[in-house]
Amino acid sequence: MGGMGGMGEGSWAAFFWGERRLIRPLPDRPYTMLSLYSGVCLYGGVVPMKLSPIGFFLAMFVVVAGNAWGQATVEGTVKLPKSSVTSVINKRYDMNGDPAVVQPDPPQAVVYLEGNFARPKTLPLARMPQKHLAFTNPLLPILVGTTVEFPNEDDTYHNIFSFSKPKRFDLGRYRPDEVPVPTQVFDKPGVVMLHCDIHAHMRAIILVLETPYFQKTDTQGGYRLENLPAGHYRLKAWLDSKTTLEKEVDLKVGGKLHVDFP
Ligand SMILES: [Cu+2]
């Protein structure tokens with residue numbers, strides 16, 4: 001892997017796979033060890049430099065490599081709200097489109113690092129399949145500008161649409177063998193609530209973020225963000241369309257922070 005310029009592998013893997021947990025990001029431990037090791041090499045390289053310029057350059061290479069990959073980790077728990085407002089959503093959906101507060105069901109949060117980060121040159125496709133008359137992923141965080149596929153994996157029609165401000169669209173009725181698979185580009189940040197015109201109980205949220213460093217919590221609120229850049233940032237936990245918690249964090253190369261919300 002690599003060549004993703006400025007984007008952590010962990011976030012990238014999570015992003016690419018639509019936050020599915022099939023593929024775990026690379027563990028940070030080898031890189032942390034590499035960073036420590038690089039410090040030792042630098043010391044060992046600088047001292048005998050006059051004797052061994054090759055050793056020195058080798059040490060410098062390891063230092064550079066260690067710093068590039070040996071990035072920070074943040075993990076912790078977000079206190080999730082109790083399971084929520086399904087009936088309210090259905091009622092209001094009939095009248096107004098989206099409910100007053102859009103929140104994931106079951107409750108889950110998205111933790112992300114806010115900052116001016118380099119965007120990847122190309123963005124991978126994200127997916128929001130429909131199967132067994134439901135969205136397979138009730139909460140999909142993506143980086144702004146991402147294209148999302150909406151494959152129908154049932155033996156019947158679906159008609160996915162959204163009234164949400166950051167992205168209004170209506171895919172119309174489509175079959176499982178529809179070619180090409182319907183897609184939409186999400187080019188404005190915000191909360192997009194998905195519905196199906198045929199199956200009124202179907203709901204999902206796409207959270208469009210302006211950072212490549214994000215992670216959805218598990219249903220217990222646990223999260224772990226790996227391969228973050230060092231620096232001073234705001235770490236945010238999105239709980240619903242009206243609730244985002246935040247904490248300031250100082251991330252150090254190779255360091256690991258524990259941050260709980262609230
Ligand atoms: Cu449907």
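The residues packed around residue 189, meaning those with a beta-carbon under 12 Å from its beta-carbon, carry a net charge of 0 if Lys and Arg are +1 and Asp and Glu are -1. Need one number: % antiparallel among DSSP beta bridges in the stretch 115-262, to the nearest 5. Approximately 75 percent, going by the DSSP bridge assignments.
Simple point charges give the picture: +1 on the Cβ of Lys and Arg, -1 on the Cβ of Asp and Glu, and for the stretch 74-248 a dipole about the Cα centre of about 440 debye. Taking 7 Å steps out from each Cα toward its Cβ at residue 82 and residue 132 produces label points 2.6 nm apart. At full extension, residue 247 and residue 170 could sit 24.0 nm farther apart than now, given 0.36 nm per residue minus the alpha carbon distance. Think of the stretch 74-248 as having a plus end and a minus end, set by charges on the Cβ of Lys, Arg, Asp and Glu; of 125, 238, 169, 238 sits farthest toward the positive end of this dipole.
Computed over the stretch 199-250, the range of Cα coordinates on each principal axis works out to 46, 21, 21 Å, biggest value leading. The orientation-averaged shadow of the Cα convex hull for the stretch 108-216, equal to a quarter of the hull surface, comes to 6.8 nm².
Bear in mind these aren't lab numbers, they're just calculated from the coordinates by the rules spelled out. From a predicted model like this one, the values you see are computed outputs, not experimental measurements. A quick note on method: Cβ atoms are made from the backbone with ideal geometry, for glycine too, and the neighbour counts reach across all protein chains shown.
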